[in-house]
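The values are calculated or read from the model by the stated rules, or taken from the named source; none is laboratory data. Only a predicted model underlies this, so the values are computations on that prediction, with no experimental measurement involved. When we count neighbours, we look across all protein chains shown, and the Cβ atoms used for this are built from the backbone with ideal geometry, even at glycine. Ligands, DNA and RNA are stripped out before the accessible areas are found, and what is left, the full protein with its side chains, is counted by its heavy atoms. Shrake-Rupley method; radii C 1.70, N 1.55, O 1.52, S 1.80 Å.
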Amino acid sequence: MVKRLEDLAPPGLLERAREAAKLVDGVSRVRVFCHYDPDGTTSASILTRALMRRGKRIHATMAHALDRSSAARLNEETNELLIVGDMGSAQLDLLEGLTYPVIVLDHHKPIRDSDKVAHVNPHLEGVDGAREMCGATTTWLFSLVLDEVNWDLAGPALAGAIGDKQAVGGFVGVNAALFEESVDRKVVVPERRLALRDHPLGKALGRSVEPYFHSLSGRPEAASEFLQAAGFDPDVSVRQLDAATRRKLGSVLAVRLLEQGAAPEALESLVEDRYWIEPDQMYAQDLEAYVNSCDRLGQEGLGLAVCLGDRDALAKAEKLLDEYTSRVLGYLVGLESKGLFAKKHIQFFYCDDASLAGSVAGTGMQYFFDQSRPVLGLSVLDSATKVSARGTRALIAAGLDLAAALRQAAAEVGGNGGGHNIASGATVPKGKEEKFLTLVDGIVAGQLASAPEKAQ
C-alpha cells in the first residue's frame, strides 16, 4: 500500500520543507547553487527536474565552496529565489545577507538555525545527516513536498546517498523509508550481487576501486593470475557465473579483504544491493560513478546532464570514468608502496590533485590504511592547502568528530573547515600545514580519550 510522506519522515522536517516550498510558487525563475560532488550534483538534478515541472526557469551552478567571494557574486545577481543544496548550513551568515529569499537544503551538521533563511536540515529534527539522510535525499524530500509526481526522482537521490557512503551497511532512517517506498512504487528494483562492474573478472578486479584489493587493484595482470590460481576464469564476467561460483568468488574476495586489514564496513560492501532505476534505465551505482568522475575531473555540467538523461553526455562520461579510475588507482597503488606519514593520532599523505584527495583518503581508509587513526589528504595549491579527512565507523563510535577537529584547527591557523564526523574537509593557508596537522592530532587525541566507554 502506498505510504504518505507523514509515514516516512519526521513531522518537523516535513513542516520545514513545506514552509520552504511556499517560496517556490511565487517566482518564475530559481537560482540553484549546489556542491560539486555526486551528492550535490544529484541534488541539482532533482531540483532542476522538479522545478521545471512547475514551469520555472532554472540557472544551476555546482561549486566547490560557498564562501565570501561566491556569496558576493550571488548578491550581485537579480534573483527571485536562491536554493542552496548540499551546503549552506555552515554559511548562514553569508546567506542571510543576500537581498532575496533563500532556501537551504543541507545535511551537514549546522552550527545554528536561522529565522531569515528557509532552513531544511535533518539534524534540526533529530535525524543524523551523516548516516540517515544525504543532501540528495533531503532535496528529494523537498521535491516530494512540492509534488508527489517526483517519486520518479528516486534514482538521482539514491546515487547521491551512495556517493556519500550512506549505502554502506544498508540504508537506515529516512533514507531507508524513502527508498523502500520507491521500491514499492516500482520506481527502483533492488538486486543483491558482488560489487564488481560487469566486465571480465580480470578487468573488473584489476579496475576495482571500491572494493580496493591490495596488490590486485590497479594491476590487471596480477588480478588475472590471482583469479586463475583460485580456480576462476578471468575472462568470464560476474553475470555469467552460476550462483555457487559467485558465492565461492565472494568468499575468496572476502578473505582477501580480511587479510589486508579492511574496515568491517568495507567487508559489508563487497556484496551490495544494486538499484536499477526504471525511469533512467541504469543502476544507481553506475549513475553515481559517472557523476563522480565528471565532478572530480572538472566536468560538473556533464555530470548534471547525465542525471538529466542526456545519452550523448553519458557516452562522454564513460570515458571520463575510465580516466578517473586510472588516476585514483595510480595514487592508491603508490601509497601501497610508499606508505603514509604518521603522527601519534592521525596519518596523512600529500596529493597534488585536490579533486582526488577525498576519494583516495576514503578508499584507503576503508581498505588498507591503518584503521586505528583517521587519515588526512593534503593538496598544496598556489595560494592555499586543501585538506580531505576520513575516518571509520569504529573511530566515530570511539568519539572521533572530524568536522569539529578540522573546523577548530583550521580556524586557529586562519583557515576554515567542517563537514561530517566521519568525512570532513578544510582549507588552510599555505605554509601552515605542519601547525594545522599538529593541532588536529591533539584535538583527535582529546576526542578519542574523552569517550573511552564508546570504544569498548
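Quick notes on this structure:
- The gain in end-to-end length when the E434 to T61 segment is fully stretched comes to 130.9 nm, 0.36 nm per residue minus the alpha carbon separation.
- Three principal axis extents describe the C-alpha atoms of segment 1-158; from largest down they are 49, 34, 28 Å.
- The residues of the chain expose, per residue, 41 Å² of accessible area to a 1.4 Å probe.
- Each Cα pair of segment 266-414 feeds into the Kirkwood radius, which the Stokes-Einstein equation turns, at 20 °C and 1.002 mPa s, into a diffusion coefficient of 125 µm²/s.
- Solution diffusion estimate, µm²/s, Stokes-Einstein, segment 364-456, Kirkwood Rh from C-alpha pairs, 4 °C, viscosity 1.567 mPa s: 99
- Inverting the pair-averaged 1/r between distinct Cα atoms of segment 281-362 gives 13.9 Å as its Kirkwood hydrodynamic radius.
- Highest average packing first - 366-373, 67-74, Cβ atoms within 10 Å: 366-373, 67-74
- Across all directions, the average flat footprint of the convex hull enclosing the Cα atoms of segment 328-396 is 4.6 nm².
- FRET E, pair R193, D370, Förster distance 45 Å, beta-carbon r, rounded to 0.05: 0.90
- Between segment 241-290 and segment 70-96, the Cα center-to-center distance that results, in Å: 39
- Check: segment 332-456 dipole with +1 on Lys, Arg Cβ and -1 on Asp, Glu Cβ, in debye: 160
- Residue-averaged 222 nm ellipticity for the chain, from DSSP H runs of 4+ at -39500 (n - 2.57), nearest 500: -14500 deg cm²/dmol
- Across the accessible surface of segment 1-155, with the other protein chains kept in place and a 1.4 Å probe, carbon and sulfur atoms take up 49 percent.
- Computed FRET value (nearest 0.05) for K186 with D235, which takes r as the C-beta separation and R₀ as 30 Å: 0.25
- The value given for the chain is a Kirkwood hydrodynamic radius of 22.5 Å, derived from the mean inverse Cα-Cα separation.
- Calculated over segment 78-125: convex hull of Cα atoms, volume per residue (Å³): 63
- Percent carbon-and-sulfur accessible area, segment 281-331, ignoring ligands, DNA and RNA, probe 1.4 Å: 48
- Considered as an equivalent ellipsoid built on the Cα gyration tensor, segment 193-336 has semi-axes of 27, 18, 14 Å, the largest given first.
- Protein heavy-atom surface of segment 215-264, 1.4 angstrom probe: 51% of the accessible area is carbon and sulfur, with nucleic acids and ligands not counted.
- Global dimensions of segment 201-273 from alpha-carbon coordinates: Rg and Dmax equal 11.4, 30 Å.
- Our summary of shape: the Cα atoms of segment 251-327 have principal axis extents of 42, 30, 16 Å, ordered from largest down, in whole angstrom.
- Calculated SAXS-style log₁₀ I(q)/I(0) at q = 0.27, 0.28 Å⁻¹ - segment 147-194, Debye, Cα scatterers: -1.17, -1.23
- Label-zone membership for segment 362-384, site R73, 7 angstrom Cα→C-beta point, backbone N under 19 Å: 382-384
- The order of the peptides 233-245, 345-357 by mean Cβ neighbours within 10 Å, most packed first, is 345-357, 233-245.
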